[in-house]
Amino acid sequence: MIAVPPTGTDLTSVAKLAQYVGSPEHKRAPSFAGQLAPRADASICGKKFLGRQEELTEAIRENIARGNIGAQWEGQFPRYVWCKIEGEDYEARLVNRDKGEYKGYRLEPGTGPKGV
């Protein structure tokens, strides 16, 4: 569910600090996310996103600024950010609250918050 940020929060300022770093737990091919370490229960990222870290960072930043965020905050960042990329719904989850780093994964159709 999309939520209102904490009182006094400037989402544009928060968005400028956020970045997509991915997760080696969701990779089966080398990427910017680090050494491969796929988990058996983790969804695997599609190869279509290899080399697109800047674009994915921009998607997260745009959606934070728009308020497509979850209610729970960790430090100065929302734990969840929802994005639509190439017609599909994605959820970004905060993995480093100090640096504003996120990983992301595709959601099943119709499971993301409405209005994203």
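The values are calculated or read from the model by the stated rules, or taken from the named source; none is laboratory data. Every value quoted in this text rests on a predicted model; they were computed, and no experiment measured them. Ideal geometry is used to build each Cβ from the backbone, glycine not excepted, and the neighbour counts take in all protein chains shown.
Scanning region 56-78 for residues that are among the basic types (Lys, Arg) and either under 15 Å from Tyr20 (Cβ atoms) or not in a helix (DSSP H, G or I) (or both) gives a single hit, Arg61. For first residues located in region 1-21 and assigned to a helix (DSSP H, G or I), partners that are charged (D, E, K, R) and lie 6+ apart or on another chain with Cβ distances below 7 Å form the pairs Ala15/Arg61; Lys16/Arg61. Residue count for region 68-85 satisfying the condition of being crowded, with 17+ Cβ neighbours inside 10 Å and of a type in the set (S, T, N, Q): 1. Annotation: of all residues in region 73-116 being of a type in the set (Ser, Thr, Tyr) and modelled with pLDDT of 95 or more, the one that is farthest from Glu54 (Cα to Cα) is Tyr80. Looking only at residues of region 86-116 that are under 11 Å from the mean Cα position of the chain (by Cα) and aliphatic (A, V, I, L, M), we find that the one that is surrounded by the most Cβ atoms within 10 Å (Cβ to Cβ) is Ala92.
Looking across region 79-102 at every residue that is assigned to a strand (DSSP E or B) and touching a helix residue (DSSP H, G or I) at 6+ places or on another chain (Cβ under 7 Å), the one that is farthest from Thr9 (Cα to Cα) is identified as Ile85.
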